[in-house]
Amino acid sequence: MNGDLTPVRAGFIPLIDAAALIVAADRGFAAEEGLRLELVREVSWANVRDRLMLGQFDAAHMLAPLAIAATLGSDNAKVEMTAPLALGLNGNAVVVSAALHAQIAAVATGDPTDPAVSGAALAQVIAARRKQDREPLVLGMVFPFSSHNYQLRLWMAAAGIDPDRDVRLVVLPPPYMADALAKGQLDAFCVGAPWASVAVSEGTGRILHFGVDLVARCPEKVLAFRSDWAAANLRTMQRLVRACTRAAAWCAVPEHRGELARLLASPQRLGVAPETIAQILESRLVVAPDGSTRAHGGFFILDGCAALRPDPRHALWLYAQMVRWRQVEHSAAAAQAAAKVYRPDMFDAALTVHDGVVQDGVGAFSEPAFQADDLDAYLSAVGAAPIA
Amino acid sequence: MRILVVDHNAERAAVVRQALVDVGGYLVEVAPKAGDLLALLRTAQPDVLIVDLDLPDRDTIEQLRVATRERPRPIVMFVDQSDNSMMHAAIDAGVSAYVVDGLSASRVRPVLDVAIARFKAFESLRRELDETRSQLSERKVIDRAKGILMRAKGITEEEAYDRLRRTAMNEQKKVVEIAQSIVTAAGMLG
């Protein structure tokens, strides 16, 4: 039986939004699709990128902006990427040190979960520090091409803070964040679940914002493939998209949360206490060392087509952030290439092929099948003249 | 040329360092992990960075691609445009290299060659150890299965092994797999 399965290797970073991929591998969804899905836990996004580019991985759990940057060649090498599936939305949080939290709370006027309120307070703290001639605040994020970077910048820019001049933004791997905060090397950071909760449970920081406070539907990770690999292995790619989609639906069932938390907690997967993961799945997070909690249904969205179907507007929004923060030069061609990384058509094709009813999206009773991606071929097949 | 080797394996780092000193007389510093990599880079000012892929710190280095006031020459990942296999070899060996922008490939290649060779040698050493360990545990399982057979059938050790081997051949399995199923079955029945 095992001999008949198609092997697929995928890299992932220990984060809650790797759940669909992990569940696909560990709960049999991939095997049902005829895949032997081997997951490789990685320690850095750079490793994930390089191994996917070099073909050591067939697929990867990847930061959406990194997939876009690779496609545009604004990262290392220029390698075209394809994302037929989004691995959920949201899941980040902004964590601040106890000291910075106290300073913000002292000057904040209004609802502290309102980023306009906290941002204005942060601007005052920064101004006061400058007056005292103190070093700028240091804020951590996980990768230059990451929604974490753009969320922090969005928050600060809206309050009139220049993220390149008024603070220092540094990249740190998530497992180091809590420690750096405790040692005073960091004043705040933006990180994906469950690492904010880990920092809170260790007593080193408190959650100031859920990512959803800053961006209601923030694009995060995608299931990324090299475009040439996806073209050459279309069926396998579609199977993996289906397996992950089914796995995500399984994750969304409230009765499965206990098992899901245990599964993700295992040392080969996230390696984080199941209780920490459970609070994220319940959308109620401990936000401070005193145990106080905050609930928000949109903290992390994994289930449903609206979260999984890649929305090219998300790719374009990420591209726009790259342009805004001078990571890429804007051009019409680049914008188009960025939007094309997100492939809702491939998502649709993968799911409808499975249903076996409307492979072409229409399902006309007579041949030929409709070809949305090649109108001319379709037109000539039905005897109409294509564009001259 | 100044080289900084960031490796969580102190033993391997020492070997790489020695090899680099021997080969090119380079100035080599070693860091076990780069918790505060940015501060380390500020003091060490390396031209080449050799980084262990098992460390999450690579992402921090990725940030240094942008030139800043304090670092006018950005650090970029070393990619030899003329030779893609080098990148493969490096990643396979578990190592990556970053260089200050503008450093010529011909100067960096020998450094990376040495690092790849040493990382590889370490990897095969580790694999050998793993193999020896698993061979040892295989032998233990086979010995236990032989014991069980000898007691159950009243046969000699040689005969017991012969039965294991023949069954394995007939079922196209490894001897250790047959032995394991005997040990498991005996555990359940006993």
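The values are calculated or read from the model by the stated rules, or taken from the named source; none is laboratory data. A quick note: this is a predicted structure, and the numbers were derived from the prediction, not measured. No Cβ is skipped: glycine too gets one built from the backbone with ideal geometry, and neighbour counts run over all protein chains shown.
Summed over segment B:39-58, the residues that are touching a helix residue (DSSP H, G or I) at 6+ places or on another chain (Cβ under 9 Å), surrounded by fewer than 24 Cβ atoms within 10 Å (Cβ to Cβ), within 9 Å of chain A (Cβ to nearest Cβ) and assigned to a helix (DSSP H, G or I) give a count of 0. Only one of (1) more than 14 Å from chain B (Cβ to nearest Cβ); (2) over 26 Å from A:Gly184 (Cβ atoms); (3) of a type outside the set (Phe, Trp, Tyr); (4) touching a helix residue (DSSP H, G or I) at 6+ places or on another chain (Cβ under 6 Å) fails for A:Ala116. Which number is that? Checking A:Ala116 against (1) more than 14 Å from chain B (Cβ to nearest Cβ); (2) over 26 Å from A:Gly184 (Cβ atoms); (3) of a type outside the set (Phe, Trp, Tyr); (4) touching a helix residue (DSSP H, G or I) at 6+ places or on another chain (Cβ under 6 Å), the one that fails is (4). Looking at segment A:75-83, can you tell me whether even one residue there is crowded, with 21+ Cβ neighbours inside 10 Å, under 30 Å from A:Lys183 (Cα atoms), of a type in the set (Asp, Glu) and within 14 Å of chain B (Cβ to nearest Cβ)? Looking through segment A:75-83, none of the residues is crowded, with 21+ Cβ neighbours inside 10 Å, under 30 Å from A:Lys183 (Cα atoms), of a type in the set (Asp, Glu) and within 14 Å of chain B (Cβ to nearest Cβ). Would you please name the residue that is surrounded by the most Cβ atoms within 10 Å (Cβ to Cβ), looking only at residues in segment A:165-213 that are among the small types (Gly, Ala, Ser) and in a strand (DSSP E or B)? Across segment A:165-213, the extreme among qualifying residues is A:Gly205.
What do you reckon, is A:Ile161 surrounded by fewer than 24 Cβ atoms within 10 Å (Cβ to Cβ), in a strand (DSSP E or B), in contact with a helix residue (DSSP H, G or I) (Cβ under 7 Å, 6 or more places away or on another chain) and not acidic (Asp, Glu)?
no
Inspect all residues belonging to segment B:27-48 and state whether any of them is assigned by TED's automatic domain parsing to the domain that holds B:Arg73, modelled with pLDDT of 85 or more and within 16 Å of the chain's Cα centre (by Cα). No, because not a single residue in segment B:27-48 is assigned by TED's automatic domain parsing to the domain that holds B:Arg73, modelled with pLDDT of 85 or more and within 16 Å of the chain's Cα centre (by Cα). From the set of residues in segment A:45-73 that are more than 10 Å from chain B (Cβ to nearest Cβ) and over 15 Å from the mean Cα position of the chain (by Cα), which is farthest from A:Met141 (Cα to Cα)? Filtering first and then ranking leaves A:Asp58.
Only one of these is touching a Cys at 6+ places or on another chain (Cβ under 6 Å) and either at pLDDT 95 or above or loosely packed, with under 15 Cβ neighbours inside 10 Å (or both): A:Leu260, A:Leu264. Name it.
A:Leu260
Within 20 Å of B:Ile91 (Cβ to Cβ), of a type in the set (Lys, Arg) and more than 13 Å from chain B (Cβ to nearest Cβ): does that describe A:Arg9? Yes. Evaluated against (1) small (Gly, Ala, Ser); (2) farther than 22 Å from A:Val212 by Cα; (3) surrounded by fewer than 24 Cβ atoms within 10 Å (Cβ to Cβ), A:Ala60 falls short on exactly one condition, (3). Among the candidates B:Asp113, B:Asp83, B:Asp92, the residue that is surrounded by 13 or more Cβ atoms within 10 Å (Cβ to Cβ) and within 14 Å of chain A (Cβ to nearest Cβ) is uniquely B:Asp92. The residues in segment B:98-110 that are assigned to a helix (DSSP H, G or I) and surrounded by fewer than 15 Cβ atoms within 10 Å (Cβ to Cβ) can be counted, and the count is 3. Taken together, the residues in segment A:351-388 that are at pLDDT below 85, not polar (S, T, N, Q) and not in a loop (DSSP other than H, G, I, E, B) amount to 3. Residue check: B:Ala89 meets all listed conditions (1) modelled with pLDDT of 85 or more; (2) in contact with a Phe, Trp or Tyr (Cβ under 9 Å, 6 or more places away or on another chain); (3) over 21 Å from A:Ala69 (Cα atoms) but one, namely (2).
Among the conditions (1) surrounded by fewer than 24 Cβ atoms within 10 Å (Cβ to Cβ); (2) at pLDDT below 95; (3) of a type in the set (S, T, N, Q); (4) in contact with a Leu (Cβ under 7 Å, 6 or more places away or on another chain), the only one that A:Asn47 does not satisfy is (1).
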